[in-house]
1. Ile235 versus (1) at pLDDT 95 or above; (2) closer than 19 Å to Lys138 by Cα; (3) of a type outside the set (Lys, Arg): which is the lone unmet condition?
2. Considering every residue within region 30-37, establish whether at least one is surrounded by fewer than 22 Cβ atoms within 10 Å (Cβ to Cβ) and either out of contact with any Pro (no Cβ under 7 Å at 6 or more places or on another chain) or in contact (Cβ under 8 Å) with a residue 24 or more places away in the chain (or both).
3. Report yes if Glu57 is touching a residue at least 40 places away in the same chain (Cβ under 8 Å), out of contact with any helix residue (DSSP H, G or I) (no Cβ under 6 Å at 6 or more places or on another chain) and more than 30 Å from Ser19 (Cβ to Cβ), otherwise no.
4. Any idea which residue in region 1-12 is modelled with the lowest pLDDT, counting only those that are assigned to a loop (DSSP other than H, G, I, E, B) and surrounded by fewer than 24 Cβ atoms within 10 Å (Cβ to Cβ)?
5. Out of Leu185, Leu211, I need the residue that is among the hydrophobic types (A, V, I, L, M, F, W, C), part of a loop (DSSP other than H, G, I, E, B) and under 15 Å from Phe257 (Cβ atoms). Which one?
6. Would it be correct to say that Ser102 is touching a residue at least 24 places away in the same chain (Cβ under 8 Å) and of a type in the set (Ser, Thr, Tyr)?
7. With respect to Gln171, determine if the residue is more than 30 Å from Leu23 (Cβ to Cβ), polar (S, T, N, Q), at pLDDT 95 or above and crowded, with 17+ Cβ neighbours inside 10 Å.
8. Mind listing whichever residues of region 144-182 are acidic (Asp, Glu) and not in a helix (DSSP H, G or I)?
Amino acid sequence: MEKIFISHGDIIIDKIYDSNLNLLKQDGGGCNWNDLYNLARMGEKCYALGSAGNDEEGKIAINSLKSLGINVESITIEDKPTNVMNIIMPNKEIEDNNILHSWYSPITNTLTFHFSDNMPTVLPKELENKEVYIILDKFMPINLELINNVKNKKVCLDVGHIRYFEHFTRQYLMSFFKTANYMQLNESVIDMLYERLNVHSEDELFNLLDLDLLVLTRGKKGATFVFKDNNIVKIIDKTPELLVKAVDTSGAGDAFFSTMVREYAYSNYIDENFINHSFELANKSSREILAYLGSRK
């Protein structure tokens with residue numbers, strides 16, 4: 001069965017400023033859309049379902065996806081501004097925690113992100129009998145509605161920011177996260193997520209959600225993989241052998257996630273060999289994007 005990768009949500013553009021608020025670059029952004037962009041670069045067939053504003057920013061973001069052959073016909077154009085992630089680069093050595101990401105314009109101090117409910121929640125008819133991989137980094141009810149409308153699916157969640165789940169109840173998060181087959185967590189969300197779901201360890205979370213694969217990323221420190229091999233839960237820690245000087249860390253986690261999703265989609269079995277091979281490829285993808293300003297090559 002042909003594999004299709006889709007994402008769903010509000011279209012986003014990244015605006016990157018230097019420390020003096022000079023605009024350095026603008027391009028399509030958003031973790032889920034970066035993931036889709038990366039998968040399209042790998043030659044995968046991808047569809048974008050979402051909502052964008054009827055403005056120049058929306059055109060830039062959509063054209064960035066379209067340039068790689070991503071199907072953008074299911075993006076609704078609304079009479080509103082396109083969502084903007086404002087990224088301010090420091091005037092010192094780049095680290096994950098000193099790049100500012102904000103939903104407020106550093107120029108006008110106005111909010112630049114608003115969730116939309118005006119987007120499709122049903123797949124295009126040509127995808128009805130395909131094997132669909134749904135990639136999400138936000139967990140709104142409209143995203144869950146799409147998941148529930150898709151039959152032949154694998155759900156891959158990138159849980160990278162507290163702000164996308166902190167206001168939801170445990171009951172709602174459980175209903176959403178239990179749809180997942182593959183989940184990646186950034187280390188910055190682990191404590192809050194464990195507290196919200198009332199778990200105390202990665203293997204407890206893995207079992208609670210009945211996942212195929214759970215990955216906890218820790219930047220330069222590597223990643224932890226949780227999976228089942230012959231019905232036994234195993235945990236493997238991996239550390240990158242090669243570190244590089246970063247120009248911008250913004251898209252490194254997305255590059256890692258999209259590579260892992262692709263390996264997961266084409267794997268018949270998850271074992272230690274799969275983890276070793278996938279981590280090597282995903283870490284290589286992360287290193288490559290670190291050399292670029294912005295989250296896309």
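The values are calculated or read from the model by the stated rules, or taken from the named source; none is laboratory data. Keep in mind that this is a model prediction, so the values were computed, not measured. Here Cβ is always computed from backbone atoms with ideal geometry, including for glycine, and neighbour counts include all displayed protein chains.
1. Ile235 satisfies all of (1) at pLDDT 95 or above; (2) closer than 19 Å to Lys138 by Cα; (3) of a type outside the set (Lys, Arg) except (2).
2. No, there is no match, as no residue in region 30-37 is surrounded by fewer than 22 Cβ atoms within 10 Å (Cβ to Cβ) and either out of contact with any Pro (no Cβ under 7 Å at 6 or more places or on another chain) or in contact (Cβ under 8 Å) with a residue 24 or more places away in the chain (or both).
3. no
4. By that ranking, first place goes to Met1.
5. Criteria check complete, one pass: Leu211.
6. Considered against the rule, which asks whether it is touching a residue at least 24 places away in the same chain (Cβ under 8 Å) and of a type in the set (Ser, Thr, Tyr), Ser102 comes out as no.
7. no
8. Those that are acidic (Asp, Glu) and not in a helix (DSSP H, G or I): Asp158, Glu166.
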